[in-house]
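Beneath this line is the structure, given in structure tokens, with notes to follow.
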Amino acid sequence: MLIYKIFRAEEWATLQTQGASAGAPIDVADGFVHFSTAKQAAETAAKHFAGIEGLTLLACDAEAMGDDLKWEVSRGGALFPHLYRQFRLSDVAWSRPLPFDGQSHHFPEEMT
């Protein structure tokens with residue numbers, strides 16, 4: 001199963017150059033890296049990235065993250081994937097730009 005992480009340009013650049021990252025500021029503050037399922041990603045973008053351009057969507061194989069990935073209750077009582085280790089560039093199965101049209105972000109077709 002693929003899970004998704006949305007990164008701002010500078011966060012994606014850091015992951016690419018350093019090969020690992022503690023994640024976005026909210027991830028560092030919470031002590032784990034937040035991910036979303038395909039069904040949760042659009043709501044995550046609207047809630048946490050409203051109006052932000054230049055985002056990148058990263059897809060990761062949940063099973064490959066092993067026991068470091070925990071499914072925990074979060075927004076609305078839904079289970080969300082949380083990674084309890086550094087997020088590694090090797091965790092990324094693919095990346096795509098997440099374009100913003102002035103009202104909402106547009107997710108790639110392979111997610112649907």
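No lab work stands behind these numbers, since they all come straight from the coordinates. Computed from a prediction, not measured in an experiment: that's the story for all the values here. Every residue, glycine as well, gets a Cβ built from its backbone with ideal geometry; the counts of neighbours run over all protein chains shown.
Fully extending the segment from Lys70 to Glu53 would add 3.2 nm, taking 0.36 nm per residue of separation and subtracting the current Cα-Cα distance.
For the pair Lys39 and Gln86, label points projected 7 Å from Cα toward Cβ lie 3.4 nm apart.
In sequence order, region 35-51 has phi-based couplings of 10, 10, 7, 4, 6, 8, 4, 5, 5, 4, 4, 5, 7, 9, 10, 4, x Hz under the Karplus curve 6.51 cos²θ - 1.76 cosθ + 1.60, θ = phi - 60°, and Gly or Pro positions carry x. The slack between Trp94 and Glu63, meaning 0.36 nm per residue of separation minus the straight C-alpha distance, is 9.6 nm.
Dipole check for region 52-94: with +1 at the C-beta of Lys and Arg, -1 at the C-beta of Asp and Glu, and the Cα centre as origin, the magnitude is about 120 Debye. Between Leu79 and Asp101, the simple spin-label model (points 7 angstrom out along Cα→Cβ) gives 3.3 nm.
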